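What follows is calculated from the coordinates using simple rules that are stated; it is not laboratory data. The structure presented is a predicted model; accordingly, all values stated were derived computationally and were not measured. Ideal geometry is used to build each Cβ from the backbone, glycine not excepted, and the neighbour counts take in all protein chains shown.
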Amino acid sequence: MRWQSHSSRGGAAGWASLHSLEAAGVQGRGILINRVVEIHGLAGSIGEQLTLAWAAEQDAQRFQDPEIERHPGHLEEIQTVQRMAVRALCEMSTHFLLGAAHSLANLVLRVTLCNSLAADVVNAPKKNRKAQGFEPGTDIPFAWPTFSSSPEVELWAQVIPDAAEASGIDGIRKLVSRLRLLQQDHRFRALDERRGLDYHRRRPQSVKHTSPRTGIWSYDQEKKLSTTRMVASAEDAQRDEVLIHQICVDALTCITEAVVDIEPLIAESLAACHLVWRLDEPRAIQ
């Protein structure tokens, strides 16, 4: 994938940015050069995450192939195993997809930080001071904020858009706006919500069971009557591997669309900051 190759251009882009910054008389060039290298490295990791997500999704398709031979005497067992395999592969894919989205948001953040006016806005809130300037190469957890579909996270909802406006750079404004579109995309929201269900709440099992979410005891307030019922083994409606696979496919599509739209905006934004994005061919250092 093209994005995976971006990391092979980081060093050359850093050197080219040095010359561009010197020509423009920009001070504090060292951090900006390292930021360019980090942005290219992040882009490469996003490309790898998307490639891995796609590979797992392709395997999930194969397990659902109706041409797979199934022994009629063990059909239910085979279907259960098949369902679990599809879910496992889809969850593997969504793991990489959420990682790619997280990395993409942090890439946009770091491009925004290349402008000093925008950086002042980002670093001003008390919460963000723990990130210590989001220095390139840092391992401080606060410098790698989580990205999700929640509209309530101030950094993505307010701070970054305000920083983009403060930059006065149209490319950064468009870059942040496209990230916000991804955050609001119903396909990305479905991915985020599914992860919340599977990892943070009670996971829907792939096999039949007798432990319904509602329990077996209930109380009628009007009749003042409590009831305890017998339950038969039943399927969990949310275990549907076809639905889970579709969530995976839709998320892969929407994140890939965002990545395609964002690449030219990275180049435009960095150029406005006297920095270089992906040279066509790696330059030899003279």
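Can you pull a Stokes-Einstein diffusion coefficient for the stretch 239-279 at 10 °C (1.306 mPa s), Rh from Kirkwood over Cα pairs, as a whole number of µm²/s?
Answer from the Stokes-Einstein relation: 129 µm²/s.
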Once you have the Cα-Cα distance between Lys224 and Asp250, take 0.36 nm times their residue separation minus that, and quote the gain in nm to one decimal.
4.7 nm
Counting Lys and Arg as +1 and Asp and Glu as -1 over every other residue whose Cβ sits under 12 Å from the Cβ of Arg110, the net charge comes to -1
Place a +1 charge on the Cβ of each Lys and Arg in the stretch 50-192 and a -1 charge on the Cβ of each Asp and Glu, then give the dipole magnitude about the Cα centre in debye, rounded to the nearest 20.
520
Inter-site label distance for Ser150 and Glu22 at 7 Å from Cα along Cβ, in nm:
4.7
Of the GluC sites (Glu not before Pro) in the stretch 144-197, those whose Cβ has at most 16 other Cβ within 10 Å and which sit in DSSP loop
Glu152
For the stretch 255-263, Karplus couplings with θ = phi - 60° (6.51, -1.76, 1.60), whole Hz, Gly/Pro x:
6, 5, 4, 5, 4, 4, 5, 7, 4
Whole-percent pair-distance distribution, where bins are 10 Å wide, for the alpha carbons of the stretch 88-146:
22, 46, 20, 11, 1
Neighbour-limited loop hits for trypsin sites (Lys or Arg not before Pro), the stretch 107-167 (at most 12 other Cβ within 10 Å; DSSP other than H, G, I, E, B):
Lys130
